[in-house]
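Accompanying notes for the structure given below.
The values are calculated or read from the model by the stated rules, or taken from the named source; none is laboratory data. All values derive from a computational prediction rather than experimental measurement. Counting neighbours? That spans all protein chains shown, and the Cβs are built from the backbone with ideal geometry, glycine included. Ligands, DNA and RNA are stripped out before the accessible areas are found, and what is left, the full protein with its side chains, is counted by its heavy atoms. Shrake-Rupley method; radii C 1.70, N 1.55, O 1.52, S 1.80 Å.
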Amino acid sequence: MQIIITCGYIGSGSSAVTDLLSEYSNLKNDTASFEYVFLHCPNGVFDLEDKLLVANNALRSDEAIKSFRKQMNNLYKKRFWWVANYKKIFGHQFLENVDNFINEIKDLEYTGKWYMNEYPSFIEDKLRYFKYGIRRIFNDKIVIKDKLQSKELEISFIKPKEFYNAASKFIFNNIKIVCQEDENIILDQFFLPYNLYRMENYLGEKGKAIVVERDPRDIFILNKYFWSKKDNAVPFPFDVKDFCRYYKKMRENEKIIDKNVLRIKFEDLILNYENMVDKIEAFLNLDSKNHVYQKKYFNPSISIANIMVFNKSNKYYDESKYIEEHLSEFLYDFSPYLKMINKHAHTESEVF
């Protein structure tokens, strides 16, 4: 089994690689560009890792485990949350895998109290306000005790190696639901560029990631003027100055690793298609004979409409120029390909 992960920097075109790989007969991708987020979402596996392995204490693990379980239940039950509906994707076995994982990482359970499970509800908060108001009226002569509830506390002081072994088992048990053990599977956004440094701990040598980056001028223009109109905006600021600050900080925050990671540019996939396909095949040990649906899902002659969008109208000039000046290290050099781009020129209405 080879777990092939496609990811990028929000709107940078990683789905193009997912589409390209879907054209190979020996790669499994039944869920297209569905984003599997249960590792890196808030209160997902990575948050659980950080809480249990970094500055854990006697009660911190209880919150960590309960928050993780709640989030996994949300991913399972929420039918109309676009990253969820795991009940349909994985079936009931997903929750069984969650329970087995938690039981494996827990050291003990016992009934106890701590301030997180004493957190008052809205009604309890109002009642306490009322009771303490009465105390002030009678100059604190009345003694009022709040009834603090005891709950089952789940404690874990697991060691790193034990955690990664249990988490790896949890991941592979879920993957086996949608994929045979000898199949290669494509998982879109399973990891993100910022947490690829964790990949070996969880997937060993079976994980390989392709990271796609894109000219930030196009990302900004597409997001502000095209994707937002279709209600598909990605979480970047629409103010160009804020965007540049955000984008630069985001990229600088990444821990760069090279092992089992291939970094490509979205534009190269279009403008230098044959060479990039060869490069991807070499990285994944793919045989070109299995590329049986060539250009069925990713066609560079169509996708060329989505590059140099910042140059399609004068109304984008000022913002594009600002990005060019402040994010120069992330720009794509289009100059060797201008003749090709002009030959296949598309209008704004053809951008998608």
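Across the alpha-carbon set of the chain, the Rg to Rh ratio works out to 1.07, Rh being the Kirkwood radius. Amide H contacts of Gly8 (H built 1.01 Å from N, in plane; Pro and chain starts excluded): Val212 sit under 5 Å, all sequence-distant by 5 or more or on other chains.
Think of a 1.4 Å ball rolled over the protein heavy atoms: the chain then has 54 Å² of accessible area per residue.
When the alpha carbon coordinates of region 157-200 are projected onto the principal axes, the ranges are 34, 23, 12 Å, largest first. Multiplying the residue separation of Lys248 and Ile177 by 0.36 nm and subtracting their alpha-carbon distance yields 21.7 nm.
Over region 167-315, the hull volume per residue, using the convex hull of the C-alpha atoms, is 155 Å³. With the charge dipole of the chain set up from +1 on Lys and Arg Cβ and -1 on Asp and Glu Cβ about the Cα centre, the Cα lying farthest toward the positive end among the listed residues Asn311, Ala209, Cys41 is that of Cys41. The magnitude of the dipole of region 228-320, with charges of +1 and -1 set on the Cβ of Lys/Arg and Asp/Glu and taken from the Cα centre, is near 180 debye. Mean-square fluctuation check for the chain, GNM, Cα pairs under 10 Å: which of Tyr115, Tyr86, Tyr76 is largest? Top of the fluctuation ranking is Tyr115.
Label-to-label distance, Asn57 versus Asn232, with points set 7 angstrom from Cα along the beta-carbon direction: 4.7 nm.
Rounded to the nearest 20 debye, the dipole magnitude of region 32-121 is 480 debye, with +1 charges on Lys and Arg beta carbons, -1 on Asp and Glu beta carbons, and the Cα centre as origin. Here the 3J(HN,Hα) profile of region 308-319, calculated from phi with Karplus coefficients 6.51, -1.76 and 1.60 at θ = phi - 60°, is 6, 5, 4, 9, 8, 8, 5, 5, 8, 4, 4, 5 Hz, Gly and Pro shown as x. Taking the square roots of five times each eigenvalue of the Cα gyration tensor of region 232-352, the equivalent ellipsoid has semi-axes of 28, 22, 13 Å, listed largest first. Out of residues 5 or more away from Leu262 or on other chains, whose amide H comes under 5 Å of its own, with H placed 1.01 Å from N in the peptide plane? Sorted by chain and number, the residues that satisfy this are Ala209, Ile210, Val211. Quick one: pull the percent of accessible area on the chain belonging to carbon and sulfur, 1.4 Å probe, ligands and nucleic acids left out. Heavy-atom surface of the chain belonging to carbon and sulfur, 1.4 Å probe: 51 percent. 3J(HN,Hα) couplings calculated from phi for region 285-300 with the Karplus curve 6.51 cos²θ - 1.76 cosθ + 1.60 (θ = phi - 60°) are, in sequence order, 6, 8, 8, 4, 5, 7, 7, 7, 10, 3, 6, 6, 9, 10, 10, x Hz; Gly and Pro show x. Put simply, the amide H of Leu153, placed in the peptide plane, has neighbours under 5 Å in Tyr110, Thr111, Gly112, leaving out anything fewer than 5 places away on its chain.
Within region 13-68, the proportion of C-alpha pairs whose separation exceeds 17 Å stands at 54%.
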